[in-house]
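These notes are about the structure you will find just below.
The values are calculated or read from the model by the stated rules, or taken from the named source; none is laboratory data. All of these numbers come straight from a predicted model, not from anything done at the bench. Every residue, glycine among them, receives a Cβ derived from its backbone with ideal geometry; neighbour counts consider all protein chains shown. The accessibility values were calculated without ligands, DNA or RNA, using every heavy atom of the protein model including side chains. Shrake-Rupley method; radii C 1.70, N 1.55, O 1.52, S 1.80 Å.
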Amino acid sequence: MLPLRVRVALQVQRVLAHLFFPVFAMGVVIALRFRGYRIEEIARVRQSFRAIARTCRGPILLCSNHLTVVDSAIIAWALASNWTYLFRFHLFAWNLPEWKNFYRNVGLRILCYLGKCVP
């Protein structure tokens with residue numbers, strides 16, 4: 001079990017991420033669409049995720065095993081819509097990004113914090 005201090009810190013992070021989610025999520029989707037990203041068979045992917053998520057009792061942890069800044073955002077976008085995450089925020093997965101790639105400047109640190117990243 002995690003120490004109380006760590007559990008409280010993660011709870012604060014979760015609450016702040018939820019509060020800022022509308023702004024954060026719209027920015028991510030606009031940026032991804034602007035860059036030309038598309039998800040093939042997105043309806044099927046999201047249906048599969050809903051089926052898997054129904055069996056989860058605790059938080060969802062996303063380990064994409066990639067090193068770029070956008071991988072976790074693309075995966076989250078593929079798994080569910082922003083509306084789904086807004087009203088069922090527990091489905092918005094925690095992420096484990098590569099510390100060296102994400103925490104090198106303050107802006108990325110803030111984005112990672114609000115994106116439920118744990119380095």
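Of the conditions (1) surrounded by fewer than 16 Cβ atoms within 10 Å (Cβ to Cβ); (2) not aliphatic (A, V, I, L, M); (3) not in a helix (DSSP H, G or I), Arg33 fails just one. Which one is it?
Tallying (1) surrounded by fewer than 16 Cβ atoms within 10 Å (Cβ to Cβ); (2) not aliphatic (A, V, I, L, M); (3) not in a helix (DSSP H, G or I), Arg33 fails exactly one: (3).
Based on what the data block shows, is Val23 assigned to a helix (DSSP H, G or I), of a type in the set (Val, Ile, Thr) and under 15 Å from Pro119 (Cα atoms)?
On the way: assigned to a helix (DSSP H, G or I): yes; of a type in the set (Val, Ile, Thr): yes; under 15 Å from Pro119 (Cα atoms): no.
In short, no.
Could you grab the pairs with beta carbons closer than 6 Å, sequence gap of 6+ or different chains, first residue in region 93-119 and modelled with pLDDT of 85 or more, second one assigned to a strand (DSSP E or B) and surrounded by fewer than 17 Cβ atoms within 10 Å (Cβ to Cβ)?
Short answer, once both residue conditions are applied: Trp94/Leu61.
Given the conditions (1) among the acidic types (Asp, Glu); (2) more than 17 Å from Leu111 (Cα to Cα); (3) surrounded by 11 or more Cβ atoms within 10 Å (Cβ to Cβ), and given that Asp71 satisfies all but one, which numbered condition is not satisfied?
All conditions are met except number (2).
Looking at region 15-30, which of its residues are touching a Phe, Trp or Tyr at 6+ places or on another chain (Cβ under 8 Å) and open to solvent by 50 Å² or more (accessible area, probe 1.4 Å)? Don't jump to the end; show me each part of the working.
Here is the first cut: in region 15-30, the residues touching a Phe, Trp or Tyr at 6+ places or on another chain (Cβ under 8 Å) are 16-18, 21, 25, 28-29.
Correct list: Leu16, His18.
Among the listed residues Trp99, Trp83, Trp94, Trp77, which satisfies the condition of being at negative phi, in contact with a strand residue (DSSP E or B) (Cβ under 6 Å, 6 or more places away or on another chain) and among the aromatic types (Phe, Trp, Tyr)? Steps first, please.
Details: Trp99 fails: in contact with a strand residue (DSSP E or B) (Cβ under 6 Å, 6 or more places away or on another chain); Trp83 fails: in contact with a strand residue (DSSP E or B) (Cβ under 6 Å, 6 or more places away or on another chain); Trp77 fails: in contact with a strand residue (DSSP E or B) (Cβ under 6 Å, 6 or more places away or on another chain).
It is Trp94.
Quick check on my filter: what residues within region 76-119 are open to solvent by 80 Å² or more (accessible area, probe 1.4 Å) and of a type in the set (Val, Ile, Thr)?
Passing the criteria: Val106, Ile110.
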